[in-house]
Each structure stands twice: as structure tokens, then as C-alpha cells.
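In what follows, a structure is listed as C-alpha cells, so that the remarks can point back to it.
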Amino acid sequence: MKLNQKNLSDILIRELRMTDYDKLIALWNKAKLLYKPEGRDRQDNIERELKKPTAIFLVAEKNEELIGSIFGTHDGRKGWINRLAVAPGYRKQGIAAKLVKEVENRLFDMGIGIIACLIEDWNTESMEVFEKMGYKQHNDITYYTKRRFVDV
Ligand SMILES: CC(C)(COP(=O)(O)OP(=O)(O)OC[C@H]1O[C@@H](n2cnc3c(N)ncnc32)[C@H](O)[C@@H]1OP(=O)(O)O)[C@@H](O)C(=O)NCCC(=O)NCCS
């Protein structure tokens, strides 16, 4: 067992329920995860996303405390990992890796062979985490978007 790694058997990985919404937002605030409270991450938008067959929105729970989240999805060609966060007191124990592995397995089962994630250029910690989980950085690609609204 690695240094700092605790037994994860008491961590429950389960589907997000809409009743978790307030706890989810509290987790993202604690984790300092950037999210879109007036756009994609507004309660009704998440509720709509959850109904899609491509949505893999999971949380990690310990003693009924919500301590981790991940939103996996795919567009038919590529899988995407979004909203990965672990509460500060529970980091470096393998919880993110467990959430990512679960999403990867489900995406592979859906026939998706490539999984991507977007990381802000200042978030070098997260880059290291993804590299340790086997993800490769592409410096030859620039992200372009067109937005219907500023906060979408
Ligand atoms: C990124 C984050 C989700 C990682 O969660 P975590 O549960 O601590 O990660 P894990 O314990 O599963 O670690 C996975 C691997 O990354 C490594 N790692 C974890 N935190 C790290 C850090 N800050 N710097 C470098 N490596 C790190 C672990 O050692 C492990 O590698 P190993 O298996 O080779 O030992 C967490 O730090 C977080 O919530 N950050 C703020 C939100 C955020 O930036 N999310 C990502 C948006 S793209």
C-alpha cells in the first residue's frame, strides 16, 4: 500500500442523485473547482444531462458525506471527463483514480476508445494527476469554443 493511501473499501462510488445537488456544489466550492452555476452546472441543466444515456455522473461518498465527483460523458466519438473533484481532506488516497477508472470502464463498455479532458493551463497539479493516470498532454491542440451565452 502506498504512503498516505488508505483503505478505500469504505468509500462508496455511486450515481449522482438530484437530491445531492447542494452537497455537490458545496464540494466544488471546497475543492475550488471551476464550474458554471448559471450555465451547464445549474440544477435544471444537470437534471437534464442526467437523463441522457451518455451521462455517467458519479460521486464518492463516505459516511454519507459527499467527498468526490466526476462527470463522464461521450459524444459518440470521444469520451470526456468533467468535474473531477475530491474534497481537500481526502486527497492523495486514490479517490480520483477510482472515480476516473469507473468512468473509463463504463465508457469502454459503451464502445468508446478515447477519453479526453480539458485542463486550465494554470492547473499543473491536475495535469500531473492525469499524467499519473496514463493521460497524454497534447501541446499541438488549441481549444476553440463558440458560446451562446457568456456563462453557458
Ligand atoms: C485533482 C484531484 C481531483 C485529485 O484527487 P485525488 O483523489 O487527490 O487524486 P488521487 O489520490 O486519485 O491521485 C491520482 C494520482 O495523482 C497523484 N497526485 C494526486 N494529487 C497530486 C498532486 N497535487 N500533485 C501531483 N500528483 C498528485 C497521486 O499520487 C496518484 O498518482 P500515483 O498513483 O502515481 O501515486 C484533486 O486534487 C482536486 O479535487 N483538485 C481540485 C479540483 C481540480 O483541479 N480538478 C481537476 C479539474 S481538471
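Descriptive notes on the structure:
- Among the residues of this structure, Lys30 counts as one that is modelled with pLDDT of 95 or more, farther than 19 Å from Val103 by Cα and either open to solvent by 10 Å² or more (accessible area, probe 1.4 Å) or aliphatic (A, V, I, L, M) (or both).
- Any chance Gly89 is out of contact with any Pro (no Cβ under 7 Å at 6 or more places or on another chain) and over 23 Å from Glu47 (Cα atoms): yes
- Listing of helices (runs of 4 or more DSSP H) fully contained in the range 16-133 that carry 1 or more residues being of a type in the set (Gly, Ala, Ser): 21-31, 95-109, 124-132
- Taken as a whole, the range 137-150 holds no residue that is open to solvent by 50 Å² or more (accessible area, probe 1.4 Å), more than 15 Å from the chain's Cα centre (by Cα) and near the ligand (Cβ under 10 Å from one of its atoms).
- Test: residue in the range 62-80 that is open to solvent by 20 Å² or more (accessible area, probe 1.4 Å), under 16 Å from the mean Cα position of the chain (by Cα) and of a type in the set (Lys, Arg): yes
- Restricting attention to the range 66-118 and to residues that are at positive phi and without any contact (Cβ under 8 Å) to a residue 40 or more places away in the chain, the residue that is nearest to the ligand (Cβ to nearest atom) turns out to be Gly76.
- The residues of the range 86-113 that are within 15 Å of Met133 (Cβ to Cβ) and either open to solvent by less than 10 Å² (accessible area, probe 1.4 Å) or hydroxyl-bearing (Ser, Thr, Tyr) (or both), listed by number, are Ile95, Leu99, Val100, Val103, Leu107.
- Subset of the range 1-27 [closer than 25 Å to Phe149 by Cα and either over 17 Å from the mean Cα position of the chain (by Cα) or modelled with pLDDT under 95 (or both)]: none
The values are calculated or read from the model by the stated rules, or taken from the named source; none is laboratory data. Model, not experiment: these values are computed from the prediction. With ideal geometry, Cβ positions are generated from the backbone for all residues, glycine too; neighbour counts draw on all protein chains shown. Accessible surface is based on the protein model in full, side chains and every heavy atom, while ligands, DNA and RNA are left aside. Shrake-Rupley method; radii C 1.70, N 1.55, O 1.52, S 1.80 Å.
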